Structure formats: structure tokens, C-alpha cells
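For reference, the structure is listed below as C-alpha cells.
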Amino acid sequence: MELAVAPGRDDVQSLVDALFPLATGLDRTRRRRKGAAALSLLQALAGRGGVRIAELADLRVIHASRVTRQVQELKARGYVQVAADPADGRALLVTLTAAGREELRHLTQADLSQFSRLVADWEPADVRILATLLERLRQSMAAAGLSLAAAVDAVEEGKDAAEKQVG
């Protein structure tokens, strides 16, 4: 799909102004609440066979070292198994355990309940439209090699640099 005209600077600024405070809040919540990071990783593993750490990092658009730490935590809790990749003994494959599938179900239900309350007065079509647009944005960011947290950090660094120049 080719656009006749790209979004203007004001349109993009409106998107940034609406999205980044949400992203910052979500990132803050994820850092404070262990279950949020676990949910993200468990979701990335769901429905897949063994997945390499590097592939998980690519799927989640975060650094592999961060995924490695999260996998170690989930392994200690019995939610994932880690085994050598038979195709390449240097690589590790991560798979969900039965306990991991149960934790994924539990965390998903808790998050769905919370988000259901947030959009209770929305039209169902509006929820679907937002979900579609956010997925499109996620895909664009992944194609550019960015995570939402990295994009927020870049904007914040830009604001800090601009404030230093003015001050």
C-alpha cells in the first residue's frame, strides 16, 4: 500500500504526544511488576517449539542479554525449559513447560480484566481499530529495528539535548 502523502510533522507530533506517555508508563509498570516481563516472554514462546534466545530478542525487539536474564528467571520458576539446539550445540532452545502455559493463562486473564475495564465504555469497533493500528506501528518499528522503549528513549534524549541548547 503506497501513500500519496506521508503524514506531516504535526500529525507525527500528535502521535508522539499521545503514545509516548503511555509507553513510558507501560515500561515503568513492566520494570516494577515482574509478571509483565514474564507475560511478554511467555507470549513470545506460546505456540512455538523451541525458540533460540536471539529469535526471542528479535521477536520482542530487545537485546539478547535482557532475554537471557528473563529466561533464567523463568527457568528458575519452572516456566521454561532450556536445552541445546541439536542443529547447533552452541545455541540454546527455550520452550514453555506446563507450568509456563498455566502462568501465561493466569497473567493473560489478569491483564485482559484490567484492559477490559479501561475500554468498557468504548465501541467494539474502536478497540479493533486501535489494535490494528498499534500492530501496524509495532511492525514498522520492528522493521526499523526499534522497540517502543528505544523510541521513547530517543525522543527523551532529543528533548534533553534541545533543552540544553536553549538553556
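Bear in mind these aren't lab numbers, they're just calculated from the coordinates by the rules spelled out. Just so you know, these numbers come straight off a predicted model, no measurement behind them. So basically every Cβ, Gly included, is an ideal-geometry build from the backbone, and we count neighbours across all protein chains shown.
Across region 125-141, computed HN-Hα scalar couplings (Karplus, 6.51 cos²θ - 1.76 cosθ + 1.60, θ = phi - 60°) run 4, 5, 5, 5, 4, 4, 4, 5, 5, 5, 5, 4, 5, 4, 5, 5, 5 Hz from first to last residue, x flagging Gly and Pro.
Once the Cβ-Cβ distance of residue 114 and residue 85 is raised to the sixth power relative to R0 = 35 Å, the FRET efficiency obtained is 0.45. Phi angles of region 12-25 translate, via the Karplus equation with coefficients 6.51, -1.76, 1.60 and θ = phi - 60°, into HN-Hα couplings of 5, 4, 4, 4, 4, 4, 7, 7, 5, x, 5, 4, 4, x Hz per residue; Gly and Pro are given as x. Summarising the label geometry, the points placed 7 Å from Cα in the beta-carbon direction at residue 99 and residue 128 lie 4.0 nm from one another.
For region 44-53, the Karplus equation 6.51 cos²θ - 1.76 cosθ + 1.60, evaluated at θ = phi - 60°, returns couplings of 5, 7, 4, x, 10, x, x, 10, 6, 4 Hz by residue, with Gly and Pro reported as x. Multiplying the residue separation of residue 63 and residue 142 by 0.36 nm and subtracting their alpha-carbon distance yields 27.2 nm. Amide H to amide H distances under 5 Å link residue 85 with 91, 92, 93, where only residues 5 or more positions off or on other chains count and H is placed in the peptide plane.
Each peptide in 127-135, 52-60, 4-12 gets a packing score, the mean of other Cβ atoms within 10 Å over its residues, and the list from highest to lowest is 52-60, 127-135, 4-12. Amide H to amide H, with H built 1.01 Å from N, residue 97 comes under 5 Å of 80, 81, counting only residues 5 or more places away or on other chains.
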